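Reading through the structure tokens given below for one structure.
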Amino acid sequence: MSLSDCKHGSNTQMDHTHNLHSLPLTKNYGKRPIRTLFGFRRLSLTNLRSISKVKVVSFLMGLTLMFLIMASHILPWDRKGLLLTPPPDQPVRPVVVPTSTAAAEVSSENILIYMKRLVKIISSKLEYTPRKVPDEKDVIGTNVHLFSVIPRHFLPGIKSPCWYEEFSDELSTDPYRRNHYALRTKRFKTVCDRLRTNFHQHLHHRGGKLFRLRCLPFFYIVGQPKCGTTDLFYRLLLHPEVKFNTIKEPHWWTRKRFGYIHFKDGFQETFPVEDYLDLFDLAAHNIQEGISGNSSGDHRALITGEASASTMWDNEAWSYLPRDGEETEPQFLAEDFIHTVQPGAKIIILLRDPVERLYSDYLYFKMANKSTEDFHQKVVESVQLFQSCLAERSLRSCAYNTSLSNAMPVRLNLGMYVVFLMDWLTVFHSKQILVFRLEDYAANFKVTIKKVFDFLGLSPLSEQVEAALYKQPKSNTRRMADRNLGHMLPATSDLLREFHQPFNHKLASVLDNKAFHWSNT
């Protein structure tokens, strides 16, 4: 099935039972309520009869996986080997494994047997009923101020989504003095200092009033983390029509508009939409010069964008907000809001072999005692937690579950690409979404970047700019200390590849591209 076959606009209702039904991907993905806390019920012999066979199998698998985790749990380390916890029916006698690699492989075969059973459950649950897209009035009702600031229509004859906003006298002295990004980000503070010096020269006079040009991003690089979004963003900035960007990852749609910067730190302060729009004032000023005829180039063709790698998948903020009822899945997603304010937005998604993505993600975060064995243990624990959630909830609910995400020691759910992509396809037309692989971007950069330029409708580059684009050093590469750890253990790779197989298979079907199986990696 091709990506263009996935349409949006269906009002199909969701079946709320655990027996999830399959619908063709040509229908839209409908709405189901959100709840982010998941509970693991204690099952007794008396209530097992009332539970579906899938739950019983999942529960038994969970017990077995937990036992296997204990069997391979790493205890005191030394250069001679490591100790494993013995099974409960064996004498309490440490088993010494000669090498660290063997430690991770002690129970790998048994784990893979149970992984195959888990994969069957995942495959069946991937055929779920599409979400129902929330009504536009309900989306608007969640944040009336946002939709009062951004108009429903933008200026004609300008490529970027821009409009004129009446300039308030109370901001006349310093329009950026309250901007939370400027207060917290040194780089944007520097940009604000520059913008402030000639801000009033860019105001538009009409009917005795002053107006400022406001713009939204023309494109959004929405994901995924550790898939090359940083490198793509900074290479795009070398294009003369995209160069007026300030912050790569504002994380406004997913976090800061709700008052969260890092969820572990709790609520801090809400970043209003005006602060977000300020991020694109540099582009707006240059576009205004083109409108006023004060520049030599055609600045009406300028575009701006952002690259928050959380936008595709992160909807954790909703778990911290008041809601009605026992909701198990997000009622509103970030894409619902972006589409409501900007139906014509361009969406760019970079993906990567989810097995390698997870290892890169693990290495990226600074922590003590990183090792391939530690990564293996965290992967097994995360799979077990996901399986436990899946025994009680739908697959989509577990993919978005905040408590599960916080409990997993590695971000396993971020590699479930197809779950998030199908939700984006419920609101944006397939022609507005460009999906490509990091592997292709790295192996054939010239061809891939041209596809991006064509997708954004950018002009051809001069030879000089094109040469600079190709010579640009890679961004956000792996630290030397992390490189020294080498590859993940083969047992870890086998486990993860088995786990992600049904997600990749579905993704390849949706995109009608077998490369997204990552079978030759």
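Figures for the structure shown
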read-out	value
Top-ranked residue of the range 431-462 - restricted to ones that are under 23 Å from ASN520 (Cα atoms) and of a type in the set (S, T, N, Q), ranked as least open to solvent (accessible area, probe 1.4 Å)	THR448
Scope the range 207-225; condition open to solvent by 40 Å² or more (accessible area, probe 1.4 Å) and either touching a residue at least 40 places away in the same chain (Cβ under 8 Å) or of a type in the set (A, V, I, L, M, F, W, C) (or both); matching residues	LYS209, LEU210
Enumeration of residues in the range 194-235 that are part of a loop (DSSP other than H, G, I, E, B) and not charged (D, E, K, R)	ASN198, LEU203, GLY207, GLY208, LEU216, PRO217, PHE218, GLN224, PRO225, CYS227, GLY228
Residues (open to solvent by less than 10 Å² (accessible area, probe 1.4 Å), touching a Pro at 6+ places or on another chain (Cβ under 8 Å) and not in a helix (DSSP H, G or I)) located in the range 326-341	GLU329
Qualifying positions in the range 135-160 - open to solvent by less than 10 Å² (accessible area, probe 1.4 Å) and of a type outside the set (Ser, Thr, Tyr)	VAL139, LEU146, ILE150
Failed item in (1) open to solvent by less than 30 Å² (accessible area, probe 1.4 Å); (2) closer than 24 Å to ALA307 by Cα; (3) touching a helix residue (DSSP H, G or I) at 6+ places or on another chain (Cβ under 8 Å); (4) in a helix (DSSP H, G or I), with LEU496 passing the rest	(2)
Only listed residue being within 21 Å of the chain's Cα centre (by Cα) and within 23 Å of HIS239 (Cα to Cα), chosen from TYR400, TYR417, TYR441	TYR441
Residue match in the range 484-504 (condition: among the β-branched types (Val, Ile, Thr) and within 30 Å of LEU118 (Cβ to Cβ))	yes
Residue within the range 130-139 that is over 30 Å from GLU289 (Cα atoms), of a type in the set (Val, Ile, Thr) and touching a residue at least 24 places away in the same chain (Cβ under 8 Å) present	yes
Within the range 170-188, tally of residues that are surrounded by fewer than 19 Cβ atoms within 10 Å (Cβ to Cβ), under 23 Å from LYS248 (Cα atoms) and over 27 Å from the mean Cα position of the chain (by Cα)	2
Identity of the residue in the range 349-390, in contact with a Ser or Thr (Cβ under 9 Å, 6 or more places away or on another chain), part of a helix (DSSP H, G or I) and farther than 15 Å from PRO490 by Cα, that ends up most open to solvent (accessible area, probe 1.4 Å)	SER388
Residue ID - farthest from HIS180 (Cα to Cα), chosen from residues in the range 232-248 that are open to solvent by less than 20 Å² (accessible area, probe 1.4 Å) and out of contact with any Pro (no Cβ under 9 Å at 6 or more places or on another chain)	HIS239
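The rows are residues; the columns are (1) surrounded by fewer than 22 Cβ atoms within 10 Å (Cβ to Cβ); (2) touching a helix residue (DSSP H, G or I) at 6+ places or on another chain (Cβ under 6 Å).
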residue: CYS398; (1), (2): no, yes
residue: THR402; (1), (2): yes, yes
residue: ASN406; (1), (2): yes, no
residue: PRO409; (1), (2): yes, yes
residue: LEU414; (1), (2): no, no
residue: LEU421; (1), (2): no, no
residue: LEU425; (1), (2): no, no
residue: HIS429; (1), (2): yes, no
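The values are calculated or read from the model by the stated rules, or taken from the named source; none is laboratory data. Quick caveat, the model's predicted, so the values are computed rather than measured. Every residue, glycine among them, receives a Cβ derived from its backbone with ideal geometry; neighbour counts consider all protein chains shown. Each accessible area value is taken on the protein alone, full model and side chains, heavy atoms only, with ligands, DNA and RNA left out. Shrake-Rupley method; radii C 1.70, N 1.55, O 1.52, S 1.80 Å.
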